[in-house]
1. What Kirkwood Rh does region 4-171 have if only Cα atoms enter the pairwise 1/r average? Answer in Å.
2. List every residue whose amide H lies under 5 Å from the amide H of VAL41, counting only residues 5 or more places away in sequence or on a different chain, with H placed 1.01 Å from N in the peptide plane.
3. Enumerate the lysines that LYS214 could reach by cross-link, defined here as Cα to Cα under 22 Å, with residues fewer than 8 away along the same chain left out.
4. Looking only at GLN109, GLN198, GLN139, which one moves most when the chain is put into a Gaussian network model with springs between Cα atoms under 10 Å?
5. Can you give the calculated 222 nm mean residue ellipticity of the chain, where each DSSP H run of n ≥ 4 adds -39,500 (n - 2.57) and the sum is split over every residue, rounded to the nearest 500 deg cm²/dmol?
6. Just to check I understand the Karplus step: with θ = phi - 60° and J = 6.51 cos²θ - 1.76 cosθ + 1.60, what whole-Hz values come out for region 243-250, glycine and proline as x?
7. Check the straight Cα-Cα distances from LYS37 and name the aspartates and glutamates below 18 Å, setting aside those fewer than 8 residues away within the same chain.
8. Would you mind calculating the gained length between ARG29 and GLU71 on full extension (0.36 nm times residue separation, minus the Cα-Cα distance), in nm to one decimal?
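Since every read-out is calculated from the coordinates, none of them should be taken as a lab result. Computed from a prediction, not measured in an experiment: that's the story for all the values here. Positions of Cβ are backbone-derived with ideal geometry, glycine not excepted, and every protein chain shown enters the neighbour counts.
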Amino acid sequence: MNVAMILYFSGTGNSRYVAERLAEMLDDRAVAIPSVKEDVVDASGRSVGIVWPVYFWGIPTMVDEFVRRTELRNFDKVFSVCTYGESPGNASNVLEKRLRRKGINLGSQFEVRMPNNYVLFYDVPDSDEQLRLLNEADQYIDRIPEILADGEYKEKHPLMAPMVTAIGYPWHKHGRRTKRFRVTDDCDGCSVCETACQMGVIEIRDGRPHWKEKRCERCLTCVHRCPRSAIQIGRSQKFGRYLNPNIRFE
């Protein structure tokens with residue numbers, strides 16, 4: 001297989017870690033999807049990998065919009081790798097359908113379980129469980145280049161997976177309202193959230209974060225990156241915070 005350009009979207013670093021690890025093994029580079037402003041991506045004969053987290057058993061809005069607006073040119077193959085916490089549902093097939101509409105065949109799809117960090121509903125795993133999941137993820141990721149070289153690969157999904165995605169994914173696709181975020185008095189106006197927001201919807205006003213748009217990706221980057229745990233949403237005040245320990249966040 002030709003070397004691969006890896007395009008990725010990541011909130012708390014899990015998908016970024018996968019993308020950068022794959023790029024290193026395949027001797028190419030990982031490029032964050034939010035940084036791609038062009039409507040045409042020329043792969044120069046390489047394969048293209050799309051790495052992304054599963055949101056509500058579907059694909060992130062930013063990845064969906066990227067696929068819709070971007071023309072891929074001069075690529076060898078296209079493959080995807082999703083990261084998930086509890087279940088990927090039918091998310092990989094959602095991306096496959098989006099690409100098919102653009103006339104692109106998704107040759108292979110991989111699904112990597114990582115520590116769950118959607119703290120609207122779930123607590124993050126303890127440190128021992130995080131280490132176990134990350135070690136198992138490494139073993140899986142290490143196999144991907146060899147599998148790609150051998151041909152196409154598709155994960156097998158439970159029969160209920162399409163139904164799970166059909167019921168759950170609209171909650172993300174049509175939800176994502178920013179009015180549910182709240183800021184506690186622990187906020188010191190450090191602006192980490194403003195800098196970290198990949199959709200650019202947070203700005204600091206009068207020393208506190210404000211959401212400029214009615215909707216965002218709901219990736220929870222702002223929640224997990226806040227050094228004082230001052231940004232809350234849903235039941236997040238009851239739960240811990242998580243950032244992939246292998247990623248250095250600026």
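1. 16.2 Å
2. Amide H neighbours of VAL41: GLU71, LEU72, ARG73.
3. Within the straight-line cut-off, LYS214 pairs with LYS173, LYS179.
4. The residue with the greatest mean-square fluctuation here is GLN139.
5. Roughly -9500 deg cm²/dmol at 222 nm, from the helical runs in the chain.
6. Those phi angles translate into 9, 4, x, 8, 10, 9, 8, 6 Hz.
7. List returned: ASP64, GLU65, GLU71, GLU217.
8. Once the chain is fully extended between ARG29 and GLU71, it gains 13.2 nm.
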